[in-house]
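Input: a single structure, listed below in structure tokens.
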Amino acid sequence: MPIRLIRLVLLSLLASFPVHSASLKPVTPRAAPEQPFNLLSGNPLDMAVLRGKVVLVNFWATWCPPCRKEMPSMDRLDKMSTGRPFAIVAVNVKEEADLVERYLEEMPLGFPVALDQEGHLARAWKAFVYPTSFLVDKAGRVRYSLNGTLEWDEPEVVEIIEQLILE
């Protein structure tokens, strides 16, 4: 059986599982990977440029129903956080730019979208399922992680982000 067909079957099986919300889990603080994000616009974005901000880094794919489910709440959170030391970077994993661009025509987002076509960033961040998200503090340390979907603009989540902003 060709590898491509096996991937398609596995992706179909994964997509058929029910979507469960999860919660942010505190982790032992560790430095965020230093690899720059390659934005869909073609520009690089380095984590060092984001120092001084709390950063939500989200790994996702267009074929992933839970990823698609949480994107609107991430966009609302982004809009709520205008003018605050907060940023979101959504990292699309192993998809072509034109596919991501078509998705963004359907779901315009106000925050940067990066491409990780080879999966190097996902491996560096240890994002092996989608969606996987990380909250990085203003000093550039990963402080929370999440495997699964979340309504990012819920008060409990906003409170965690606010605490990180105030540190």
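A short reminder: the numbers here are calculations on the coordinates, not readings from a lab. What you see is a predicted model; the values in this text were computed from it and never measured. Using ideal geometry, Cβ is built from the backbone for each residue, glycine included, and neighbour counts are taken over all protein chains shown.
Averaging 1/r over each pair of different alpha-carbon atoms in the chain and inverting the result gives 16.2 Å, the Kirkwood hydrodynamic radius.
Only lysine pairs 8 or more places apart or on separate chains count here, and in region 21-166 those with Cα atoms under 22 Å apart total 13.
With θ taken as phi - 60° and the Karplus curve 6.51 cos²θ - 1.76 cosθ + 1.60 applied, the whole-hertz 3J(HN,Hα) list for region 26-40 is x, 10, 4, x, 9, 4, 5, x, 8, 4, x, 7, 9, 5, 4 Hz, x standing for glycine and proline.
A crude spin-label estimate for the pair Ala31 and Arg51, with each label 7 Å from Cα along the Cβ direction, gives 1.1 nm.
Considering only DSSP beta bridges with both partners in the chain, what is the antiparallel share in %, to the nearest 5? Please list the in-between numbers first.
Values: 18 of 30 bridges.
Looking only at bridges with both residues in the chain, the antiparallel portion is about 60 percent.
Hey, with R₀ at 25 Å, roughly what FRET efficiency would Ala97 and Ala124 work out to, going by the Cβ-Cβ distance, to 0.05?
Values: r = 20 Å, r/R0 = 0.81.
Given R0 = 25 Å and the Cβ-Cβ separation, E is 0.80.
Is region 101-161 best put as rounded, prolate or oblate by its Cα gyration tensor, with a ≥ b ≥ c the root eigenvalues, rounded for a/c under 1.5, and otherwise prolate when a/b is larger than b/c, oblate when not? Oblate, since a/c reaches 1.5 and b/c is not below a/b.
For region 51-58, 3J(HN,Hα) computed residue by residue from phi via the Karplus equation (6.51, -1.76, 1.60; θ = phi - 60°) reads 4, x, 10, 7, 10, 9, 10, 10 Hz, glycine and proline entered as x. Rounded to the nearest 10 degrees, what's the angle between the helix 155-166 long axis and the longest principal axis of the chain, both from Cα atoms, 0 to 90? Roughly 50 degrees, rounded to the nearest 10. A Förster radius of 35 Å combined with the Cβ-Cβ distance from Ser23 to Met107 puts the calculated FRET efficiency at roughly 0.90. Mind checking the angle between helix 3-16 and the chain's longest principal axis? C-alpha axes, 0 to 90 degrees, to the nearest 10. With both axes taken from Cα atoms, the answer is about 60 degrees.
One Cα centroid belongs to region 94-115, the other to region 125-144; the line between them spans 20 Å.
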